[in-house]
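The values are calculated or read from the model by the stated rules, or taken from the named source; none is laboratory data. Here the structure is a predicted model, which is why all the values come from computation and not from measurement. Quick reminder, even Gly has a Cβ in these numbers, built from the backbone with ideal geometry, and neighbours come from all protein chains shown.
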Amino acid sequence: MSNLLEVRNLTVSYGTGAPAVDSISFSVAEGAVVALLGANGAGKSSTMKAICGVIPASGEVDFAGSPITGDPARRRVAKGIVYVPEGREIVGDLTVRENLVLGGYQKSAAERRQRMDMVLDLFPEIAEKANRSAWRLSGGEQQMLAIGRGLVADPKLLLLDEPSLGLAPLLVRRVFDRLAVIRKESNLAIVLVEQNLAVTMRLCDELHFLRGGRIVGHRSAEALRDKTARQEAIDAFLGAAAA
Ligand SMILES: Nc1ncnc2c1ncn2[C@@H]1O[C@H](COP(=O)(O)OP(=O)(O)OP(=O)(O)O)[C@@H](O)[C@H]1O
Ligand SMILES: [Mg+2]
């Protein structure tokens with residue numbers, strides 16, 4: 001089976017210093033969850049932004065067997081690549097429902113309605129508050145809304161940037177339980193950026209460790225089920241940043 005996403009030698013430079021992402025290569029099989037782990041500033045968000053096309057990058061990105069390197073962000077969304085940014089970035093002054101509509105702006109009205117119904121079924125917490133301003137949601141509910149808005153676009157690949165950020169442990173579990181449901185029920189592939197290894201392990205198939213813009217290690221989730229192996233990987237690839 002060919003990969004859904006192929007990233008080759010992806011490089012992102014913001015200025016004259018060392019590149020933020022330095023010749024990264026990895027792939028994501030259809031329906032797979034691949035995690036990127038690393039300390040603050042390792043280049044995780046920059047990698048995601050380059051894949052979805054909101055920042056310029058060099059290197060090659062193939063999606064569903066074709067190069068998308070020259071595609072602008074909106075064409076990548078139409079092809080099924082959807083980014084859920086770190087920090088949620090929902091529109092507080094709009095209602096929950098209006099935020100979901102934004103996610104499906106490239107869909108027909110009928111398709112959008114169907115996707116929104118699916119999302120509200122998946123996240124009953126926000127369905128109850130569909131007509132409220134989004135700023136009135138709790139942090140966890142805002143994260144559900146951000147993920148839900150991504151899902152309305154009917155992605156084939158969801159780029160999820162730190163969905164656990166700022167959430168209490170109970171809410172983290174709830175959000176990740178819901179992601180596990182989506183995984184089981186669809187063929188959605190996910191690139192997951194997380195600093196929390198324990199949470200990441202619940203969902204992913206493989207993990208890449210980033211440091212200074214480079215991939216410094218790769219493990220299957222299977223290989224890290226063992227506690228000692230997990231600690232070794234943390235020590236080797238994440239160091240004190242994982243504490
Ligand atoms: N818009 C920008 N302009 C200049 N430098 C940037 C910009 N965005 C990120 N950087 C730099 O690029 C490097 C990688 O940042 P990036 O946001 O990709 O890291 P990250 O792994 O997502 O970190 P975090 O865990 O803190 O979210 C950092 O050194 C950061 O300072
Ligand atoms: Mg980041």
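Let's see how each residue does on (1) under 21 Å from Arg97 (Cα atoms); (2) surrounded by 21 or more Cβ atoms within 10 Å (Cβ to Cβ); (3) more than 16 Å from ligand 2 (Cβ to nearest atom):
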residue	(1), (2), (3)
Pro124	yes, no, yes
Ala134	yes, yes, yes
Ser138	yes, no, yes
Gln142	yes, yes, yes
Ile147	yes, yes, yes
Pro155	yes, yes, yes
Leu160	yes, yes, no
Pro169	no, no, yes
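Among the helices (runs of 4 or more DSSP H) confined to the range 112-231, the ones with at least 3 residues that are hydrophobic (A, V, I, L, M, F, W, C) and without any contact (Cβ under 8 Å) to a residue 40 or more places away in the chain are located at 169-185, 197-201. The strands (runs of 3 or more DSSP E) located wholly in the range 1-59 include none with 1 or more residues which are charged (D, E, K, R) and surrounded by 20 or more Cβ atoms within 10 Å (Cβ to Cβ).
Residues in the range 232-243 that are within 16 Å of ligand 1 (Cβ to nearest atom) and either out of contact with any helix residue (DSSP H, G or I) (no Cβ under 7 Å at 6 or more places or on another chain) or not in a helix (DSSP H, G or I) (or both): Phe237, Leu238, Gly239, Ala240, Ala241, Ala243.
From the list Leu170, Leu160, Leu145, the lone residue that is closer than 22 Å to Met48 by Cβ and assigned by TED's automatic domain parsing to the domain that holds Ser45 is Leu160. Look at the range 48-64: where a residue is closer than 17 Å to Ala35 by Cα and within 16 Å of ligand 2 (Cβ to nearest atom) and a partner is charged (D, E, K, R) and outside any helix (DSSP H, G or I), sitting 6+ places away or on another chain with Cβ atoms under 7 Å, you get Met48/Asp161.
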